[in-house]
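Shown next, in structure tokens, is the structure this report addresses.
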Amino acid sequence: DRVKECGGDVIAVGKISDIYAGQGVTHHVKANGNMALFDETLNAMRSVKDGSLIFTNFVDFDMLYGHRRDVAGYAAALEAFDRRIPELLAALRPGDLVIATADHGCDPTASGHDHTREHVPVLAFGPDVTPVDLGQRESFADMGETLAEHLGVAPVGTGKSFLSKICS
């Protein structure tokens, strides 16, 4: 909401707009499959204005492979995703920040179909980002605070920004 109120666009790629009932979203783009979602994310990056947020949910990792405990499918999806990372890096402009994470753990090697972990990795990168160990974060809200600080919008006040750790 704060990004939208400050004149930035919030582009929801995939099912993000549905997850948030369209709240704070200025544009939504539907696509099916991780590679189509990746394509739409790159398309959004080419046209987005400064001060905007692109929010993508790569649902196949969770829906098709994690919950179904398809280890081979999960591995293949990760490898396919990894092969596309150079395209993402090439599309980044100075000042851009990418945060990649998951909303929950879904280990494809675990039994059952439920979520499997409390903690998920958080990767932050971009042209001006210094790679550092962020340690174990106290809250998922830390990413929201980091993005708020990065985009110059008012903080939410529920997490701790790690922007100063990754950008000098």
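Quick one: plug the Kirkwood hydrodynamic radius of segment 46-139 (C-alpha pairs) into Stokes-Einstein at 10 °C, 1.306 mPa s, and report D in µm²/s.
So the translational diffusion coefficient is about 104 µm²/s.
For the pair C167 and D133, what calculated FRET efficiency results from E = 1/(1 + (r/R0)^6), where r is the Cβ-Cβ distance and R0 = 22 Å, to the nearest 0.05?
Numbers: r = 15 Å, r/R0 = 0.69.
Once rounded, the FRET efficiency stands at 0.90.
Please give every one of the aspartates and glutamates within straight-line cross-link reach of K30, meaning a C-alpha to C-alpha distance under 19 Å, and leave out same-chain neighbours fewer than 8 residues apart.
Within reach: D9, D18, D39, E40, D60, D62.
Give the angle, between 0 and 90 degrees and rounded to the nearest 10, that separates the Cα long axis of helix 141-151 from the longest principal axis of the Cα atoms of the chain.
Rounded to the nearest ten degrees, it is 40.
Over the Cα atoms of segment 93-132, what is the Rg over Rh ratio if Rh follows Kirkwood? Show your work: numbers first, answer last.
On the way: Rg = 14.4 Å, Rh = 12.2 Å.
With Rh from the inverse mean 1/r over Cα pairs, Rg/Rh is 1.18.
Over the heavy atoms of D107, what accessible area does a 1.4 Å probe trace out, to the nearest 10 Å²?
Counting only protein heavy atoms, the figure is 30 Å².
Return the single residue from P127, P86, P155 with maximal mean-square fluctuation; model: Gaussian network over the chain, springs between Cα atoms under 10 Å.
Most flexible of the set in this elastic network: P86.
For the chain, set up a GNM with springs between Cα atoms under 10 Å and report which of N57, N43, N34 has the largest fluctuation.
Among N57, N43, N34, the largest mean-square fluctuation in the Gaussian network model of the chain belongs to N43.
Pairing the Cα long axis of helix 71-91 with the longest principal axis of the chain, what angle in degrees results, from 0 to 90 and rounded to the nearest 10?
For 71-91 against the chain, the angle is about 20 degrees.
Expressed as a whole percentage, what fraction of the accessible surface of segment 1-104 belongs to carbon and sulfur atoms when a 1.4 Å probe is rolled over the protein heavy atoms?
So the carbon and sulfur contribution to the accessible surface is 53 percent.
Towards the positive end of the charge dipole of the chain, with charges on Cβ (+1 Lys, Arg; -1 Asp, Glu), say which of N43, G157, F58 has the farthest Cα.
Of the options given, the answer is N43.
Lysines within cross-link reach of K160: Cα-Cα under 22 Å, excluding same-chain residues under 8 positions apart?
K4
What is the magnitude of the charge dipole of the chain about its Cα centre, with +1 placed on the Cβ of each Lys and Arg, -1 on the Cβ of each Asp and Glu, and no other charges, expressed in debye to the nearest 20? Could the numbers behind the result be given before it?
Values: 15 positive and 24 negative charges, 42 e Å.
Using Cβ point charges on Lys, Arg, Asp and Glu, the chain gives about 200 debye.
Please compute the length gained on full extension between N43 and V156, using 0.36 nm multiplied by the number of residues separating them and subtracting their Cα-Cα distance.
Separation in residues times 0.36 nm, less the Cα-Cα distance, equals 37.8 nm.
Within the chain, which is the longest segment that contains none of the chymotrypsin sites (Phe, Trp or Tyr not before Pro) sitting in a DSSP loop with at most 16 other Cβ atoms within 10 Å?
That would be 21-139.
In units of 2.2 N^0.38 Å, what is the alpha-carbon radius of gyration of the chain?
Computed over Cα atoms of the chain, the ratio equals 1.04.
The values are calculated or read from the model by the stated rules, or taken from the named source; none is laboratory data. Keep in mind it's a predicted model, so treat the numbers as computed, not measured. Positions of Cβ are backbone-derived with ideal geometry, glycine not excepted, and every protein chain shown enters the neighbour counts. Remember, those area values only see protein heavy atoms, side chains included, never the ligands or the DNA or RNA. Shrake-Rupley method; radii C 1.70, N 1.55, O 1.52, S 1.80 Å.
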